[in-house]
1. Within segment 214-226, track down each residue that is in a loop (DSSP other than H, G, I, E, B) and closer than 18 Å to GLU144 by Cβ.
2. Look at ASN44 and say whether it is touching a residue at least 60 places away in the same chain (Cβ under 8 Å) and under 18 Å from the mean Cα position of the chain (by Cα).
3. Just one of (1) under 30 Å from GLY136 (Cβ atoms); (2) open to solvent by 80 Å² or more (accessible area, probe 1.4 Å) trips up LEU203, so point out which.
4. If we only count strands (runs of 3 or more DSSP E) wholly inside segment 155-213, which ones have 3 or more residues that are among the β-branched types (Val, Ile, Thr)?
5. Which number in (1) open to solvent by 30 Å² or more (accessible area, probe 1.4 Å); (2) touching a Gly at 6+ places or on another chain (Cβ under 6 Å); (3) among the hydrophobic types (A, V, I, L, M, F, W, C) marks the one condition that LEU187 misses?
6. Can ASP167 be described as in contact (Cβ under 8 Å) with a residue 40 or more places away in the chain and among the acidic types (Asp, Glu)?
7. Just to be sure I understand the filter: pairs with C-beta atoms under 8 Å, separated by 6 or more residues or on different chains, first member in segment 84-110 and touching a residue at least 12 places away in the same chain (Cβ under 8 Å), second member aromatic (Phe, Trp, Tyr) and in a loop (DSSP other than H, G, I, E, B). Which pairs pass?
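The values are calculated or read from the model by the stated rules, or taken from the named source; none is laboratory data. What you see is a predicted model; the values in this text were computed from it and never measured. All Cβ positions, glycine included, derive from the backbone under ideal geometry; neighbour counts span all protein chains shown. Just so you know, the surface numbers come from the protein's heavy atoms only, side chains and all, with ligands and any DNA or RNA stripped out. Shrake-Rupley method; radii C 1.70, N 1.55, O 1.52, S 1.80 Å.
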Amino acid sequence: MLNSNYKMHRKIISIIPARKGSKRFKNKNIASFCHYPLSLWTFNFSQNSDLFDVSYVNTDIPELIHKISEYNNLEYCKRDINLSVDSATLLDVVRDTCIKKSLNSQDIIVLLPVTGLLRTYNDISAGIDTYLKGGGGTVVSVSESSYPASMLWKKSDDNHLNPLFPDDFRRTTQKQNHFSTYMFNDLFVIDTVEGFLNPDRNLYGNDTRAVVTPQERFMPIDYEYQFFLAEKLFELGQGSGVYPKKC
């Protein structure tokens, strides 16, 4: 659990990005997920988790801008046109929010993508604890990949398959005998304002530590079929009491 004195030293702020455009799955961020627009689940989570001093929603979606005022711990941050294009990154949005809201350099930012529906209170709490105890760097939520990277191929222009890791690939075709790899699972990324504003980094930073969550709570939502699978996993979690019920 979180150290009871952590808020005496700095603020903990969540940033929730949600942009209007989505080419692979149109209107994904406001599509109906378990009877509510997808983004509202993250709004509700941030509001009800009592982990954050304030939450900023960086968005250009009219339906979401209208909803923000219904939450007493959420504030709107206008998403500029240049951050609504496909080339804009989550890191760009975090930096934009930090600058527009004049956040203190040592405030802790918890990035909450709206596609990370299977996060829990304990996940975020563990992430913040890991950050506070680690003495710097970025904390990222990950899950173990279901398919080892050492068994992946690249396809050449002439349709030949070439292993990414030839020596390991040729050693065995049994998945369990290859090295484990991990993927960002959309649940959270944590660093200070100063850390995110460092120009010499990507979203995950140059010194990265992990909070590992189970594979069954990893379902990125880039395509419609993933949306369907995530909804089913979320429903199962709600029934088992694994996920927050105040939604």
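1. PRO214, PHE218, MET219, PRO220 - these are the residues of segment 214-226 that are in a loop (DSSP other than H, G, I, E, B) and closer than 18 Å to GLU144 by Cβ.
2. yes
3. That leaves (2) as the condition not met.
4. Where strands (runs of 3 or more DSSP E) fall fully within segment 155-213 and carry at least 3 residues being among the β-branched types (Val, Ile, Thr), they are 182-192, 208-212.
5. Going through the list (1) open to solvent by 30 Å² or more (accessible area, probe 1.4 Å); (2) touching a Gly at 6+ places or on another chain (Cβ under 6 Å); (3) among the hydrophobic types (A, V, I, L, M, F, W, C), LEU187 breaks only (1).
6. On the way: in contact (Cβ under 8 Å) with a residue 40 or more places away in the chain: no; among the acidic types (Asp, Glu): yes.
No; evaluated as a whole, the condition is false for this residue.
7. Matching pairs, first to second residue: VAL110/PHE52.
Residue-wise test of (1) under 29 Å from GLN238 (Cβ atoms); (2) open to solvent by less than 70 Å² (accessible area, probe 1.4 Å); (3) among the charged types (D, E, K, R); (4) in contact with a strand residue (DSSP E or B) (Cβ under 7 Å, 6 or more places away or on another chain).
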| position | (1), (2), (3), (4) |
| --- | --- |
| ASN72 | yes, no, no, no |
| LYS78 | no, no, yes, no |
| VAL93 | yes, yes, no, yes |
| ILE99 | no, no, no, no |
| ALA126 | yes, yes, no, yes |
| TYR147 | yes, no, no, no |
| TRP153 | no, no, no, yes |
| ASP168 | no, yes, yes, no |
